[in-house]
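Note sheet for the following structure.
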Amino acid sequence: MTVGAEFKDPDSIVLRSIDWARYLVAGQTIASSQWIAPSGMTIVQDLGNSGAVTSARIGGGTVGETYAVTNRIVTATPVETLDQSIEFVIRSL
């Protein structure tokens, strides 16, 4: 699932967060969070999660390319693995 698309300069490092609250059942928490970047993009810093919100600083990209950066979480009981992606369209800004 893609949570949105946005323009990004190849030299910028952006902070992005995903709020997972609407996907978690009552009492369910995030046990782990992993940000996955395709070749050409970089997870500069994985900031983990605070409650139901995960965050990372993301950089890189090549002008003219579009990339999907994925956040994968594993929840505590009940155990589920869920993915959401942010699409970046790279252009000089």
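The values are calculated or read from the model by the stated rules, or taken from the named source; none is laboratory data. Small disclaimer: the values here were computed from a predicted structure and weren't measured. Here Cβ is always computed from backbone atoms with ideal geometry, including for glycine, and neighbour counts include all displayed protein chains. Keep in mind that these areas ignore ligands, DNA and RNA; they rest on the heavy atoms of the full protein, side chains included. Shrake-Rupley method; radii C 1.70, N 1.55, O 1.52, S 1.80 Å.
Of all residues in the stretch 5-52, count the ones that are in contact with an Asp or Glu (Cβ under 7 Å, 6 or more places away or on another chain) and loosely packed, with under 12 Cβ neighbours inside 10 Å.
Qualifying residue count, the stretch 5-52: 0.
Of the numbered conditions (1) at positive phi; (2) touching a helix residue (DSSP H, G or I) at 6+ places or on another chain (Cβ under 9 Å), Val53 fails exactly one; give the number of that condition.
With respect to (1) at positive phi; (2) touching a helix residue (DSSP H, G or I) at 6+ places or on another chain (Cβ under 9 Å), Val53 is out only on (1).
Contact list please: Cβ distance under 6 Å, first residue in the stretch 57-68 and farther than 13 Å from Asp11 by Cβ, second residue hydroxyl-bearing (Ser, Thr, Tyr) and open to solvent by less than 20 Å² (accessible area, probe 1.4 Å), pairs at least six apart or on different chains.
Between residues of the stretch 57-68 that are farther than 13 Å from Asp11 by Cβ and residues that are hydroxyl-bearing (Ser, Thr, Tyr) and open to solvent by less than 20 Å² (accessible area, probe 1.4 Å), the close pairs are Ala68/Ser85.
Restricting the stretch 73-93 to residues that are among the small types (Gly, Ala, Ser) and more than 14 Å from the chain's Cα centre (by Cα), which is surrounded by the most Cβ atoms within 10 Å (Cβ to Cβ)?
Ala76
Please state which one of Ile43, Ile36 is out of contact with any Phe, Trp or Tyr (no Cβ under 6 Å at 6 or more places or on another chain) and not charged (D, E, K, R).
After applying the criteria, what remains is Ile36.
Within the stretch 60-69, which residues are open to solvent by less than 50 Å² (accessible area, probe 1.4 Å) and over 12 Å from the mean Cα position of the chain (by Cα)?
Answer for the stretch 60-69, where residues must be open to solvent by less than 50 Å² (accessible area, probe 1.4 Å) and over 12 Å from the mean Cα position of the chain (by Cα): Gly60, Gly61.
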